[in-house]
Amino acid sequence: MGKSQSKVDLYAAIRRDHRGGMSQRALQRKYNVTWRTVRRALDGQWPEPRRQQRRRESRLDPYKPLIDGILRADLDAPTKQRHTAQRIFDRLVDEHGAHDISYPMVRTYVKDRRPQIRRDAGIGPQAMFVPQTHLPGAEAEVDFGEVSVVLAGEMTRLYLFSLRLSYSGKAVHRVFATAGQEAFFEGHVHAFRVLGGIPRRHIRYDNLRAAVERVLGFYRGRLEADRWTAFRSHWGVEAFYCRPGIEGAHEKGGVEGQIGYFRRNHFVPVPEVASLTELNAMVDQWDQDDEVRRLRGRTRTVGDYFAGEQHLLKPLPTEPFETGRWFTPRVDRFSQISVRGNAYSVPVRFIGRQLRVLLHANDLIVYDGRTVVTRHERLGGRNGCRLVLDHYLEALLRKPGAFPGSTALEQARSAGRFTPVHDKWWAAAKAAHGDAAGTRALIEVLLLGRHMDHEQVVAGLAAAYRAGALTADAVALEARKIAESDGEPAPPVRPGTEQATATKDEGPTASVTFLADWRLSHLPPDNRPLPSVAHYDQLLQRPGRTAGEKEGS
């Protein structure tokens, strides 16, 4: 009886054989499935998830530490006086009363455990290396490495994805906030699109959690993650898994050395960037620059070898594969959703509702049905929070006393969205109208940011502050004037306007125009002729009457 096969593996095998030319009827006979199953696999449908069964504890578990101790003691015993599996079983029964275990259980465990204990003790043959020849377009290697970057003014640890073609040495890199499965998939997609194809033979991997759920024994057997199997099947990737531990690192030594080279030459000194998007744009340029370098023992550059290898890669599939992962969290009373141990804000009108979240490697998108509610840059680690001040403005209008100490306000200050101009205008508004009314006026100003550019609102605030206009309407008017002038000088002051003189520290003078006068100044010119009453003069005279003739004479 063969080993059990998950539906994801079954669908992947059906697609692979169909690409090899096997008909649908032959696929039904080979895998003993119905035509509907074959059709679903070829249409790319995701199989229905099976119910997960809890792993049962083995009766041998309490005795495994005893067996490990016996095997470690055998390391110093004479070769012909070491325990066999039968002798270990007999001792467990006689000395520890292990009547509930069987000999096959002990034999299987000893067979797998004895080599591991010997390797942990450093006993075994010395490592040997055999030179390898890589064919063009046949193989590649993948790995992650850690890098440190000053991101938005803070030292942050990030993860560098690298895919390197074994023949030419052409490598594609991408920086992510995490090394999770989403980053693993997005790194592949980016690399395949840059390279213009997929290696025909296989790609070498270590046993990273994003792809491998469990290592089966000490050899090449692996239990893959279902989403990774589906991803490989879609892109036509064949995986080659290296040996576990440090011993398998030399099996993908090309990408191991490539990550070290890239980190030393491009991340020293430590880059300072405002966002991951800016950093990845720099990484793309560095990848292009590295094509002119020449590897040791090569007569041509990396770019020259890649030009001869690119046309030998497998073509890319036409249909996309969603690399993100969907979640359906509920919005709590703080107007936040929790995704992977981190909190993200949404508008307060969604409190108590369940939203859909698409999580990518570097960002997440929140949906209400098919409508995008908000986007956030993904947080690394756990127990972090990312709040947007705009999401809380409706609640703060009702509770202005909560505004000064709000976490969203502090994060807006740190991000530069709440500027010193806001603080100056806010302080002046509170002094003129009181704390509550002045804070509400500031919140009304912040609501303008939903319809106008942030820079225009800040410029309107500055102009209103210089003029002493401490109402939201005055800020809106100044911001609209700046938006419509598009950088041109402001119109001259008309009669009926108030002119405010600025100090040397506050910059040039600013004017506040009454709304009626401002509208009149923007009316189109009136070129119509003046009215005339000459046509009505004929009504002053009647036919047959002379001037001065009286009526009835």
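The values are calculated or read from the model by the stated rules, or taken from the named source; none is laboratory data. Only a predicted model underlies this, so the values are computations on that prediction, with no experimental measurement involved. Note that each Cβ is placed from the backbone with ideal geometry, even for glycine, and that neighbours are counted across all protein chains shown. In case anyone asks, the SASA skips ligands and DNA or RNA and just uses the protein heavy atoms, side chains included. Shrake-Rupley method; radii C 1.70, N 1.55, O 1.52, S 1.80 Å.
Per-structure values
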quantity	calculated
Ordering of 438-448, 405-415 by packing [mean C-beta count within 10 Å, highest first]	438-448, 405-415
Per residue accessible area of region 85-165, 1.4 Å probe, in Å²	59 Å²
On Cα atoms only, tilt of 226-235 relative to the major axis of the chain in degrees	80 degrees
Projected label distance in nm at THR328 and SER6, using a 7 Å step from Cα toward the beta-carbon	2.2 nm
√(5λ) per eigenvalue of the Cα gyration tensor, region 97-198, largest first, Å	40, 23, 16
Charge sum, other residues only, whose C-beta stays under 15 Å from ARG114's C-beta, Lys/Arg counted +1 and Asp/Glu -1	+4
Length-normalised contact order of the chain in % [C-alpha pairs under 8 Å, at least 6 apart]	8 percent
Over the chain: helical MRE at 222 nm, DSSP H runs n ≥ 4 each giving -39500 (n - 2.57), nearest 500	-11500 deg cm²/dmol
For the chain, fraction of C-alpha pairs farther apart than 46 Å, in %	44 percent
Contact order relative to length of region 307-349, as percent, for alpha carbon pairs under 8 angstrom and 6 or more apart	21 percent
Cα-projected label distance for ARG19 with ASP43, points at 7 Å along beta-carbon direction, nm	2.1 nm
Residues of type aspartates and glutamates that LYS314 reaches as a straight line, Cα spacing below 13 Å, ignoring anything fewer than 8 places off in the same chain	GLU139, GLU238
Gyration tensor verdict on region 429-471 (Cα atoms; rounded if a/c is under 1.5, prolate if a/b is larger than b/c, oblate otherwise)	oblate
Region 351-362 - phi-based ³J(HN,Hα) in whole Hz, Karplus 6.51/-1.76/1.60, Gly and Pro as x	4, x, 9, 9, 10, 9, 10, 9, 9, 9, 5, 10
Average Cα contact separation per residue, region 311-377, under 8 Å, 6 or more apart, as relative contact order %	26 percent
Inter-site label distance for ALA239 and THR471 at 7 Å from Cα along Cβ, in nm	6.6 nm
Folded to 0 to 90 degrees: helix 7-19 orientation relative to the chain principal axis, Cα	90 degrees
Ranked packing of 33-43, 135-145, most packed first, by mean Cβ within 10 Å	135-145, 33-43
Region 346-500: C-alpha pair distances exceeding 19 Å, %	60 percent
Prolate/oblate/rounded call for region 224-328, Cα gyration tensor, a/c under 1.5 rounded	rounded
Extended-chain gain in nm, criterion 0.36 nm per residue less alpha-carbon gap, ALA281 and ARG528	83.0 nm
Filter on LYS80/LYS252; LYS80/LYS111; LYS7/LYS170; LYS64/LYS252; LYS424/LYS481 - keep pairs with C-alpha separation over 28 Å	LYS80/LYS252; LYS7/LYS170; LYS64/LYS252
Area of VAL255 that stays accessible when all protein chains are in place (1.4 Å probe, Å², to 10)	0 Å²
Extension gain from VAL372 to LEU216, taking 0.36 nm per residue of separation minus the Cα-Cα distance	51.9 nm
